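A.B. asks: Sharing a structure below in structure tokens format, with a few things to ask.
The values are calculated or read from the model by the stated rules, or taken from the named source; none is laboratory data. Since we're looking at a predicted model, the values are computed, not measured. Don't worry about glycine lacking a Cβ; one is built from the backbone with ideal geometry, like all the others, and counts go over all protein chains shown. We work out accessible area using only protein heavy atoms, side chains counted, and drop any ligands, DNA or RNA first. Shrake-Rupley method; radii C 1.70, N 1.55, O 1.52, S 1.80 Å.
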Amino acid sequence: METSAAEENAETSLLCDIQQLQGLCERMDSEAFLPLNPDELGPKFPRRILSLNSLVDKATEKAKEGGFVHQDKRSPYIEQDLIGQYIWFGKERVHAWFGVSFYL
């Protein structure tokens, strides 16, 4: 369309409209939902998430045993894209979140 409009000496606004439409299409294509592959639907993916959760729990427990980390109580924090725990470091009780962010 752009070539045809240019060959016919179409007005500049028509060429700009065509270029804007091309940009919109490119943006929509770049943000499109990509189809899932079989590995993402198989047992490996949930096992990986459970494994990461277990890793956070075990690392937190080890740090608590060593006296590096404190918790008032077990405080799992689970959201759509996060799995982790709130912890405190040292005597100053520096507050932190330790876990896995799937978004990042």
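A.B. asks: Give the residues of the stretch 69-84 that are farther than 18 Å from ARG48 by Cα and surrounded by 12 or more Cβ atoms within 10 Å (Cβ to Cβ), sorted by residue number.
C.D. replies: If the condition is that a residue be farther than 18 Å from ARG48 by Cα and surrounded by 12 or more Cβ atoms within 10 Å (Cβ to Cβ), then VAL69, HIS70, GLN71, SER75 are the ones that fit.
A.B. asks: ARG47 fails exactly one of the following numbered conditions: (1) surrounded by fewer than 10 Cβ atoms within 10 Å (Cβ to Cβ); (2) assigned to a helix (DSSP H, G or I); (3) not hydroxyl-bearing (Ser, Thr, Tyr). What is the number of that condition?
C.D. replies: (1)
A.B. asks: Conditions: (1) in a helix (DSSP H, G or I); (2) farther than 24 Å from TRP97 by Cβ; (3) not small (Gly, Ala, Ser). LEU36 meets all but one. Number of the miss?
C.D. replies: (1)
A.B. asks: Quick one: in the stretch 85-104, which of the residues that are among the aromatic types (Phe, Trp, Tyr) and over 16 Å from ALA63 (Cα atoms) is most open to solvent (accessible area, probe 1.4 Å)?
C.D. replies: TYR103
A.B. asks: Another question, if that's okay. For GLN85, indicate whether it is under 30 Å from SER4 (Cβ atoms) and either modelled with pLDDT of 85 or more or of a type in the set (Lys, Arg) (or both).
C.D. replies: no
A.B. asks: Is it true that some residue in the stretch 50-67 is over 30 Å from GLY90 (Cα atoms), open to solvent by 60 Å² or more (accessible area, probe 1.4 Å) and not in a loop (DSSP other than H, G, I, E, B)?
C.D. replies: The answer is no; no qualifying residue exists.
A.B. asks: Within the stretch 1-23, count every residue that is assigned to a helix (DSSP H, G or I) and either hydroxyl-bearing (Ser, Thr, Tyr) or open to solvent by 100 Å² or more (accessible area, probe 1.4 Å) (or both).
C.D. replies: Number satisfying all stated conditions: 6.
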